[in-house]
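Have a look at the structure below, then the notes.
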Amino acid sequence: MNVQSKKPITAAEQSLLDRYAERRKERQGNASLTALRDGLVHEFDQTGLPGRRIETWHYTDLRTLLKFVPEGFSPETGASAKPLLSDAIVLSARVGGQDSAMPEGMAVSSFNELLTSANATDLLESKRPDDFIGRVNSIFVDGGSVIDVSKGVKLEKPVELQNAASGGHLHTRMSVNIGDGAEGTFIERQIATDTADSFVSSITDLTVGKSAVVTWIISQERGDTDTHLGQINIRLGEDARLMLFIANAGGHLVRQEVHVTADGENSDFALRGVNLLGGDSHTDITMEYDHLVANCVSTETIRNVVFDRARGVFQGQIRVAQIAQKTDAKMACNTLLLSDEGEFFSKPELEIFADDVQCGHGATVADIDENHLFYLKARGISDSKARAMLVNAFISEIVEDLENEDLVEAFEQRFSEWLTRHA
Amino acid sequence: MLEIKNLHARIAEDGTEIIRGLDLTVKAGEVAAIMGPNGSGKSTLSYVLTGREDYEVTEGDILYNGESILEMDVSERAASGIFLAFQYPVEIPGVATMQFLKVAMNEQRKARGEDELSTPDFIRKVKEAAAELKIDMDMLKRPLNVGFSGGEKKRAEILQMALLEPNLCILDETDSGLDIDALKIVADGVNALRSPDRAIVVITHYQRLLDYIVPDSVHVLYKGRVIESGQKELALELEKNGYANIIEKAA
Ligand SMILES: Nc1ncnc2c1ncn2[C@@H]1O[C@H](COP(=O)(O)OP(=O)(O)OP(=O)(O)O)[C@@H](O)[C@H]1O
Ligand SMILES: [Mg+2]
């Protein structure tokens, strides 16, 4: 007999089980949905939170890092925050309802409606064995939006999707389909509207159609004590272009997963990430990119600034299938480590089965360059101001890749505010 | 304006003494040339004067306008009017040149209790100074010194000097890397800053620069000390005979 000694249950695990039991009584969904959720919870009861023995969670060991989970659920507050860009169309990611007038060719509906439909379980089926975020979201999800941009539609204004947490649980799902040849800029604002502790899972399923051009931004601005588990699942069509910009400047325990599948030739994917890390926070960006077809280009650049006792993780895995010839993939992770007690782990992985490809990766960790600092100070700039200028310089190279003046300005301002608070 | 008395300085990291009992006085209005063989300590002296933390002063003093500056840090010294045109200006990616110039000018004004420059005033000043030095404004749209040619970097240093209007200017081999025309332009820029209340220290290897910026005094640095001082004729003599005679005489 194979007896596996079960690890003692952690407070966070118990809290999640209790919360589900509570929810199950209140919530009426269809029977198959409940059965699916029961199954996931049963499985969770057996396996618990992912810990260091699971490879993809090795550096973000939730068994030790997730100390507790707040009780209760975050009430719906609507899209009430000031948008990052003043001309944005603002939506609540949780409701999916249309607050403001929708531009022609863009339809928005509620994810919850989709959940009541007969094939709801397909939506929540988990794809990967180590997909904790997917599972916890499937168990608890109670809001989201479904966005559809029709073929060839070019959205003039940026669309801001606000996912506001105000304490307690918040589990949101967004399903976004960008039609062939369509264009648009979307900003996923992961914000806190209250200082009460939040526990958030937020999943975005994004399909970028043939020849579509999309800028997708995830601005994670949670509170200092919040847990944020984010995931974006991307499918890239033929000739599609996607710039994914991730700005982590908030939260206590953060993981943002990026799963990309290129299933049409000639797509172009750019990931740009800025992690501003301070206090006792732990922040993880984990990317996984499957090149399944030929001639696709991808570049990933992550810049991290680490203060205090903060810890950061970047895992980037690029898999190039045998038929994916002429793949061009470049990955870089650069860290400015401004504290002896801070840490950053970078784990790039290339798995290449094709022979005619160009793939590379590099990682650097450095302190502020003393020669640069001396030069600025020798011009009369004070030490603290000179340091701030050099930190800004380090991240501004990434921000400029957004190639949109309004966005660049908005993020430069947001980052410099964060830096003023932490430096 | 500048009095260096029996200065001893060493590399902080390993304790190697580079400046070994150096004496030098430069009066307001004076242009002093410092010459000396490679490795004699000229650049090190410029760093010690500007307060670079890689060097420790172990003995002696530096008086600027009669007061010791040893306790002042780099930015305080700069704000008080000490300027170094670097032998090797560093490239700083991500810092826009114009923004850097504006911050530097305003930080110095703030330190002196003056108002910040308005943006139009700032741009006008930069345009004027750049035109004098034949610097293309497009170059200033780039990140600080990034991709500038050797000569462009030196010109950019003099542009900064002209904008910051320091009292004590130290030019470390500003002539190296400049073509013949640029040398003339830069020299004119330096000469324009000559004034009775400003002192200029010119570190150079060649008489060529001193034909344009005619010095009031010439000093020879060797193994961290001034071993000979004289007038502009001393530079001509060095050009002709090299350092051997003087080094022998001092030994
Ligand atoms: N930080 C340092 N670490 C190690 N050695 C140093 C350092 N700074 C200066 N030195 C040494 O001190 C000596 C003087 O150097 P310095 O750069 O001041 O010479 P210099 O007179 O400016 O020479 P050059 O004419 O070639 O510019 C050299 O031998 C140099 O290698
Ligand atoms: Mg030198």
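Throughout, read-outs are computed from the coordinates displayed, never taken from laboratory work. Because the structure is a prediction, the values reported are computed rather than measured. No Cβ is skipped: glycine too gets one built from the backbone with ideal geometry, and neighbour counts run over all protein chains shown.
Grouping the Cα pair distances of segment B:68-128 into 10 Å bins from zero gives a pair-distance distribution of 18, 44, 33, 5 percent in increasing distance order. In terms of its Cα atoms, chain B spans 57, 40, 35 Å along the principal axes, sorted from long to short. With N the number of residues in segment A:55-115, Rg(Cα) / (2.2 N^0.38 Å) evaluates to 1.67. With no solvent and one point on each alpha carbon, what is the Debye value of log10 I(q)/I(0) for the protein assembly as shown at q = 0.06, 0.07, 0.11 Å⁻¹? Debye curve over Cα of the protein assembly as shown, log10 I(q)/I(0) at q = 0.06, 0.07, 0.11 Å⁻¹: -0.46, -0.60, -1.06. Altogether, the Stokes-Einstein calculation at 10 °C and 1.306 mPa s, with the Kirkwood radius of segment A:369-423 over Cα pairs as Rh, returns a diffusion coefficient of 133 µm²/s. The helix-based estimate of mean residue ellipticity at 222 nm for chain A, built from -39,500 (n - 2.57) per DSSP H run of four or more residues and divided by its residue count, is -7000 deg cm²/dmol to the nearest 500. Subtracting the Cα-Cα distance of B:MET137 and B:LEU236 from 0.36 nm times their residue separation leaves 31.9 nm of extension gain. Computed log10 I(q)/I(0) for segment A:11-264 at 0.09, 0.10 Å⁻¹: -0.38, -0.47, from the Debye equation with unit scatterers placed on every C-alpha and solvent omitted.
Suppose R0 equals 35 Å; then what is the FRET efficiency for A:HIS58 and A:ALA107 from their Cβ-Cβ distance, rounded to the nearest 0.05? Rounded to the nearest 0.05, the efficiency is 0.25.
On a per residue basis, the convex hull of the C-alpha atoms belonging to segment A:224-263 measures out at 42 Å³. Ordering A:PHE245, B:ILE19, A:VAL146 by the projection of their Cα atoms onto the charge dipole of the protein assembly as shown, which places +1 on the Cβ of Lys and Arg and -1 on the Cβ of Asp and Glu, puts A:VAL146 at the extreme positive end.
Between A:SER416 and A:ALA35, what FRET efficiency follows from the Cβ-Cβ distance if R0 is 56 Å, with the result rounded to 0.05? E between A:SER416 and A:ALA35, to the nearest 0.05, is 0.65. Just how far, in whole angstrom, is segment A:334-366 from segment B:1-16 if you go by their alpha carbon centroids? So the separation of the two Cα centres works out to 42 Å.
Listed cross-link partners B:LYS5/B:LYS27; B:LYS125/B:LYS184; B:LYS42/B:LYS134; A:LYS82/A:LYS385; A:LYS377/B:LYS223; B:LYS134/B:LYS223 are compared with a 26 Å cut-off, the Cα-Cα value being larger for B:LYS42/B:LYS134; A:LYS82/A:LYS385; A:LYS377/B:LYS223; B:LYS134/B:LYS223.
For segment A:328-423, the Kirkwood hydrodynamic radius from C-alpha pairs, put into Stokes-Einstein at 37 °C and a viscosity of 0.692 mPa s, yields a diffusion coefficient of 206 µm² per second. Length available on full extension from B:ASN191 to B:GLU116: 0.36 nm per residue minus the Cα-Cα distance, which gives 24.3 nm. Summarised as an ellipsoid, segment B:1-88 has semi-axes of 19, 16, 14 Å, derived from the eigenvalues of the Cα gyration tensor scaled by 5 and square-rooted, with the largest first. Would you mind getting me the FRET efficiency between A:GLU265 and B:GLU248? Use the beta-carbon distance for r and R0 = 56 Å, nearest 0.05. With a Förster radius of 56 Å, E is 0.15. Report summary: the helix-based calculation at 222 nm, which adds -39500 (n - 2.57) for every DSSP H run with n ≥ 4 and divides by the residues of chain B, gives -11500 deg cm²/dmol. With the cut-off at 1.5 for a/c, could you classify segment B:167-229 from its C-alpha gyration tensor as rounded, prolate or oblate? Taking the square roots of the gyration eigenvalues as a ≥ b ≥ c, segment B:167-229 is oblate. Residues A:TRP216, A:TRP418, ranked from the fewest to the most other C-beta atoms within 10 Å, line up as A:TRP418, A:TRP216.
Computed from the alpha carbon atoms alone, the convex hull of segment A:172-322 holds 85 Å³ per residue.
Ordering A:THR327, A:THR47 from the fewest to the most neighbouring beta carbons within 10 Å gives A:THR47, A:THR327. Distances between every pair of Cα atoms in segment B:95-154, grouped in 5 Å steps from 0 to the bin holding the largest one, split as 4, 18, 25, 26, 16, 9, 3, 0 percent.
Arranged from fewest to most other beta-carbon atoms within 10 Å of their beta carbon, A:HIS282, A:HIS361 become A:HIS361, A:HIS282. Derived from the Cα gyration tensor, the three semi-axes of the equivalent ellipsoid of segment B:36-169 are 27, 20, 12 Å, largest first. Across peptide A:384-391, the average count of Cβ atoms from other chains found within 10 Å of a residue's Cβ is 3.
Once you reduce segment A:31-95 and segment A:151-175 to the center of their Cα atoms, the two points are 15 Å from each other.
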